Amino acid sequence: MLPDQVSEELSAAFERAIQGDEDAFLRVAMRGSGPDARPNLRLARAIGEHAARRFSEKGGGPVLPLILKLSRPNVGDDLPEPFIAVMTAFALLAMARGSHKRVVEREIDRGLFEITGEERDLVTKQVVQAWVPFAARGEAAANATLSWADSWLDEEEREVVYLTCATLLRVFADETVTRLVDPDALFAYLDRAIETARRAPRSHERAPGRRRILFFLPDAICAATELRGGQPWLLAHLEELGGDRTFRPVLGEAVTKLRRSKLPQPELAELADKFVETERVKHSSRMHLKDGARNRGRKAKRRRGG
């Protein structure tokens, strides 16, 4: 059996699932995944490719509705098994490679948005492993991934938006993808990712997805700066956000990670100096505010005759 082929038993079970008997397919698929808590990535990819082939052969038909149904919570609001969730991610991405029908593409788009916005870290780690080879197939695929990522920032379900953004930041931190994507579009996306986290309402400040954006931004910034000439971009953001309580640690970690990069030493030194300079400005501003408050307090005391 070739890497992207499934067994006859699994293929037959998939055909029955298309006809409505999903339970048999799920039993065979889960048995093949094995007892390990981590999803069987090779099998998930093989089933995804098989689903995409049947999708193509049937001209869409019942295959996409089946995959979308498997990717979503059931009636009891239970999330799909991690293996099934990862399998549907591979399937949707494989379908996206050959899909040219606008209506079908919108359905795939929605399915990918939801599965990329998975909240379980066990699943998102594997979903990243589905996205990276898809985006790394060439410039067109990398930029299509970036286009998806950018459009999803405008969706209304904000927590899913945060989670999706965090997952795709991990994809864009991968060297093979970073080298292929359009640099201007990449830095524009990083700007939007920062603004998405920065302008989150107070009620979302501790949302898991927003916190993940802050956690994975340094790796994406580091990769873009090193591989796509992003030093001017990072210098500008250090100037703008270096004193920001939330984003100073994010930018500082990116600068620290760049010390292990192949960036020329003069550029590294300039970034480090700018980071230190923003700390001095921040400290000076804080002292100025304290002095101002102290002076206002003295004036008020004199007015009261104290």
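What to note about this one:
- By the count of neighbouring beta-carbon atoms within 10 Å, fewest first, Met30, Met95 end up ordered Met30, Met95.
- The distance between label points at Ser56 and Asp184 comes to 3.4 nm (points 7 Å beyond Cα on the Cα→Cβ vector).
- Ranking of Val250, Val181 by count of other Cβ atoms within 10 Å, fewest first: Val250, Val181
Since every read-out is calculated from the coordinates, none of them should be taken as a lab result. What you see is a predicted model, and the numbers here were worked out from it, not measured in a lab. No Cβ is skipped: glycine too gets one built from the backbone with ideal geometry, and neighbour counts run over all protein chains shown.
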